[in-house]
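Here is the structure we will look at, set down as structure tokens.
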Amino acid sequence: MLVLGIETSCDETSVAVVKDGKKVLANQVSSSLNLHKKHGGVIPEIASRMQLETIASVGEAAIIKAGIKLKDIDLVSVTNHPGLLGSLLVGVSFAKSVALSLNCPLLGVDHIHSHFYANFLDAKGVELPFVALVVSGGHTSLFYVKDFDKISILGETQDDACGEAFDKVAKILGLGYPGGPHIEKLARQGDPRKIKFACSGTKGEFDFSFSGIKTAVLYYVNNRRLATGLPRAKSMGEQQLKSDIAASFQETVIDTLIRKSFLACKTTKTNRLVIGGGVVANGRLREKFLASGNTEGINCYFPPVSLCIDNAAMIAGFGYQLFKKGFRSNLSLNALPS
Ligand code: KG4
Ligand code: ZN
């Protein structure tokens, strides 16, 4: 079964063709990131305008790359929540018109659930049930996945998303957007034990809070008279301090993610932890999850880095699984931003 996946929830415009929920025949991704960089964050109006301009050509490229004809498509699967309203509407409208013209079924799927599904693409997959952790720029959630249509939320962030915290701390340190890769690079030269940062406690044991640690970094930087906003390291000393801040922040965040998700595994009595989302591109995160997993008997799974960021292959694959379980949408499908 050939599924056309469509993803436009944030700054990416992506169209993919996936066979039987696993084999990625094409996964075209076009990003408007360069247009947002100077603003230090995604500007919704710019994102949706670019998506409107590019979606048809990205779709055409996906069909050509997959080596199929558009009429071969058996299902159109599209992200319809959560995300930026204008961006989601571009994908949903495009998906409806393709499904209508092909007279084939349409299915709206959840972007966050699809992130962990990336682990099942071009891979053996993971036995059910499992605990899933999704850490991206907009979300941080822990799920218990009994089956692809039986997903219960165990906890989520109460304030900033994990990737958002990386982006904000990068801004405080005068680094570029998106901040995650910059923090990771700087942290390689830093001492992760140098500064004692902590993530705030939460009422729910599986919930997260990242806005407190971001503020702690801001105060730390202010107190050390590194100018906030756009500081430039003037000496090796300052440069080393910035690296230590990046490393200490990153280590604390990763340790918190490990502690909470391992606790979720123990509480639900599963030793399988499936992780997805943009932050999972972080090498230190992967290394630490694997090392702690070895010690504690928890098997951790990550998608390849190319499938961590927003992409339509995960939307096509997850849509296939739900379609097999009988889920369908119709032409009244709407975009649900949250
Ligand atoms: O999943 P994603 O592409 O978009 C959303 O659905 O939000 O995630 C983007 C987020 C950004 O906040 C970015 O800073 C973060 O993923 N990110 C990273 C790394 N690469 C991307 N965070 C930490 N380390 C990285 N190497
Ligand atoms: Zn995402």
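General observations
- Residue by residue, the stretch 269-277 carries 3J(HN,Hα) couplings of 6, 10, 10, 10, 10, 9, 10, x, x Hz when phi is fed to the Karplus relation 6.51 cos²θ - 1.76 cosθ + 1.60 (θ = phi - 60°); x denotes Gly or Pro.
- For the stretch 255-280 and the stretch 45-93, distance of Cα centres in Å: 32
- Beta bridge orientation in the chain: antiparallel %, DSSP, nearest 5: 60
- Site pair LYS266 and LYS23 shows an inter-label distance of 4.3 nm when each label is modelled 7 Å from Cα along Cα→Cβ.
- Equivalent ellipsoid dimensions for the chain as semi-axes, Å, which come from the Cα gyration tensor, largest first: 35, 24, 16
- The residues of the stretch 130-303 present an accessible area of 44 Å² per residue when probed at 1.4 Å with all protein chains retained.
- Translational diffusion of the stretch 59-150, µm² s⁻¹ [Kirkwood Rh, Cα pairs; Stokes-Einstein; 37 °C; 0.692 mPa s]: 217
- Per-residue ³J(HN,Hα) for the stretch 38-43, Karplus 6.51 cos²θ - 1.76 cosθ + 1.60, θ = phi - 60°, Hz, x for Gly and Pro: 5, 8, x, x, 6, 9
- Just the protein heavy atoms count here, and of the accessible area of the stretch 110-249 at 1.4 Å, carbon and sulfur take up 51 percent.
- Per residue, the chain reaches -14000 deg cm²/dmol at 222 nm when only DSSP H runs of four or more residues are counted, each adding -39500 (n - 2.57).
- Which of GLN239, ALA161, GLY176, positive extreme of dipole for the stretch 130-303 (C-beta unit charges): GLN239
The values are calculated or read from the model by the stated rules, or taken from the named source; none is laboratory data. In this text, all values refer to a predicted model and were calculated from it rather than measured experimentally. Because the Cβ atoms are built from the backbone with ideal geometry, glycine has one as well, and the counts that use them run over all protein chains shown. Please note that ligands, DNA and RNA were not included when accessible areas were found on the heavy atoms of the full protein model with its side chains. Shrake-Rupley method; radii C 1.70, N 1.55, O 1.52, S 1.80 Å.
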